[in-house]
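First comes the structure, then the notes that go with it.
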Amino acid sequence: MVFKLKIPMVAEAQTVKGSSDVPSDSLGDYRTDRRMLLLSVLAIPIGVIGAAVAKALLWLIAVITNLSFFHRLSANTLLPENSRLGWWLLLVPVAGALIIGLMARYGSEKIRGHGIPEALEAILLGRSLINPKVAILKPLSSAISIGTGGPFGAEGPIIMTGGAFGSLFAQFFHLSAAERKTLLVAGAASGMSAVFATPVAAVLLAVELLLFEWKPRSFIPVAVASLVASILRVPLLGAGPMFPVFPHGVMGTGELLAALLVGITVGFGSWLLTTLVYAFEDLFQKLPIHWMWWPALGAVVVGVGGLIEPRVLGVGYDTIHALMRGQLLGEVLVGLLIAKALVWSVALGSGTSGGVLAPLLIIGGALGAWLGQWLPTGDPGLWALIGMGAIMGGTMRSPFTGTVFTLELTHDFNALPALFIGSVAALGVTVLVLRRSILTEKLARRGQHIAREYSVDLFEMMRVGDVMDRQVPMVPAKMTVRELSDRIAKGDSTISKRQGTLIVDSGQKLTGIVTRGDLVRALQGAPAGNLSVLEAGKTKLVVTYPDESLHDAIAKMLRHGVGRLPVVMRNEPDQAVGYLGRGDIIAARMRYHEEEEFRSQGPLAGDWNGSKFWPVRLLNQNQ
């Protein structure tokens, strides 16, 4: 779903010539009502739950890391790379993966994977309902995976777990599926905000990836939960940015052009990484053994990778910080880049439990810092920073999140323009070379397609008066069914093209509507066709107005099970001024399609037509 907001079209109120009717004032910028306040209040405890879940998961990861690699019971933060297990280290990831395989098979298969596709699936297909079992098993399995050396981040599982608790909390209240979705996403955003101290980026991730809408009804409650979790992070996990760096100076033209180059290169790296993950997943699919054993096989590669390059083990936050500070250079970068990409791709392809965000930061940072060695400006830490933002923008198709997330992690505000350039450049590459992101590809393989382009609903912007037929098909109430049938059969230009015909009395006042189905039923009951059209038709009318939005008119059609509506003025409800049918609605959609697809030169083209200016010739050739 590439984030695409279109500039709204101005929908002018339509009135009929000679009428004193005025446009309705019921249409506003948003359809948000006071239930937004209820959702915002419910989002406060969800933010508290999200912060608590984040704290508990990080504590559990630390405990399991200490038990697995240092054989002691402690919650102190230690790195697996400092373990002295030697060759025994190879068995630790395998043992953890075996436990996860058993949990997935006999507990819930939904704990497999990195969390975000599972959250998307719950939102799109599960009416935002998540099983309580998943809320317990997902963080536990992720803690085991990461604590035993899995090359994953905690953010994906926290997003899924926070979303699960948000969904469970919402189920105690009388809410719609859309409102449950808001609270599910609020839980996911609060977990991410609490872990990384990135409240704005957490909300942006919700908008770009989880909500599938831009509405105050959902945006404000999600923001409330994210901010509450961010506030609680201070007493639970500490204050300040997670990865503080020495701020860079204001970026000049050279740095910005270099950021563009880094972003494009990282975009191709995102393509390669996504391809690699699903290539390994395809290989595991071909194995003649149950999927329960796949994580253990993948963990063998993790263990070997840990022996070769210990930094690939675990969540890797220290490695991310070292890259941002420019402390990793030369061959170390190449080794880290290759080892982390391979180990993580194999492990993720095996279907174990763990997140994608922290590994992406390491891979993108290592690639950016490596490229920075040949750039004439900047420093390795800066290009690692740009690479991290770019790989989020490209791999996750979330350029705003990638930019702001990296900014909030470091508080290096002067890097903002370069970060944005890198993220957008990487996105531009991946949307051209990849059909789907690393997140949506998993759902596509399950037969579920997600369109990630946001645009303003055409039917919200257009009014009935813009598309209605002003040549209203009308007949007098005394006309017989046989007479109307004969007119239709002879191809009456006004009546024959419509499925319904409006009925008026001698004073031209609207009294009913008769459809072709009504005519068929009337002729079956009285073959002579002597019934009047008023007797055969319907007198209890559902009407619409010229200034009503198409969205509301369509809602009326669906709610009442009809395919056409008479259009009347609000101050003269018995005077028909138009007719709205399904064909008119389809014609409105076709008009929008033409605006998207039909290419022509404007009045200012003038002498540019046939110009030797090569961009003009190139564009004309592609029309």
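Quick note: the coordinates plus some simple rules give every number you see, no bench work behind them. Predicted model only: the values in this text are computed from it and were never measured. Backbone-built Cβ (ideal geometry, glycine too); neighbour counts: all protein chains shown.
Protection proxy ranking, highest mean first, for peptides 274-284, 213-223: 213-223, 274-284, where packing is the per-residue count of other beta-carbon atoms within 10 Å, averaged.
Order 288-295, 461-468, 60-67 from most to least packed using the mean count of other Cβ atoms within 10 Å. Walk me through the intermediate numbers first.
Details: 288-295: 15.8, 461-468: 22.1, 60-67: 19.9.
Output ranking for 288-295, 461-468, 60-67: 461-468, 60-67, 288-295.
What is the stretch 461-596's relative contact order, in percent, from Cα pairs under 8 angstrom and six or more apart in sequence? Intermediate values should be presented prior to the final figure.
Numbers: 228 pairs, mean separation 41.9, N = 136.
It rounds to 31 percent for the stretch 461-596.
Using 1/(1 + (r/R0)^6) with R0 = 41 angstrom and r between the beta carbons of Ile289 and Arg84, what's the FRET efficiency to the nearest 0.05?
Values: r = 33 Å, r/R0 = 0.81.
Calculated value: 0.80.
The residue list Val245, Leu484, Val464 was ranked by how far each Cα lies along the charge dipole of the chain toward its positive end, using unit charges on Cβ atoms, and Leu484 comes out on top. Helices in the chain that qualify as membrane-span-like (whole DSSP H runs, Cα extent of at least 20 Å along the helix axis, mean Kyte-Doolittle hydropathy of -0.5 or higher) are 35-65, 91-106, 132-147, 155-170, 177-196, 216-237, 253-285, 294-308, 331-349, 357-372, 380-395, 416-433.
Order of 400-407, 143-150, 174-181, 328-335 by packing, highest average Cβ count within 10 Å first? The partial results should precede the final answer.
Values: 400-407: 27.1, 143-150: 28.8, 174-181: 16.5, 328-335: 15.0.
Taking the mean over residues of other Cβ atoms within 10 Å, the ranking is 143-150, 400-407, 174-181, 328-335.
In this rough spin-label picture, where each label sits 7 Å from Cα along the Cβ direction, the Arg34-Val562 distance is 3.1 nm. Taking the stretch 522-556 and a reference point 7 angstrom along Cα→Cβ of Met479, the backbone N atoms nearer than 12 Å belong to 533-534.
A simple count of charges around Glu81, restricted to other residues whose Cβ falls under 14 Å of its Cβ and scoring Lys, Arg +1 and Asp, Glu -1, yields +1. Would you work out the relative contact order for the chain, in percent, from Cα pairs under 8 angstrom that are 6 or more residues apart? Over the chain, the number comes to 16 percent.
Between Glu594 and Thr253, what FRET efficiency comes out of the Förster formula 1/(1 + (r/R0)^6) with R0 = 30 Å and r the beta carbon distance, rounded to 0.05? Don't skip to the answer; put the middle values down first.
Details: r = 40 Å, r/R0 = 1.34.
Step by step, r from the Cβ atoms, then E = 0.15.
Can you figure out the FRET efficiency of Glu572 with Arg521, using R₀ = 30 Å and their beta-carbon distance, to the nearest 0.05? The partial results should precede the final answer.
Numbers: r = 31 Å, r/R0 = 1.04.
So, using R0 = 30 Å, E works out to roughly 0.45.
Helical content alone sets the calculated 222 nm signal of the chain at -18000 deg cm²/dmol, taking -39,500 (n - 2.57) per DSSP H segment of four or more residues and averaging over every residue. Remark: for residue pairs Lys181/Lys538; Lys215/Lys497; Lys442/Lys556; Lys286/Lys340; Lys215/Lys556; Lys138/Lys181, the C-alpha separation exceeds 30 Å in Lys181/Lys538; Lys215/Lys497; Lys442/Lys556. Full extension of the chain between Ile338 and Asp505 yields a length gain of 52.0 nm, computed as 0.36 nm times the residue separation minus the alpha carbon distance.
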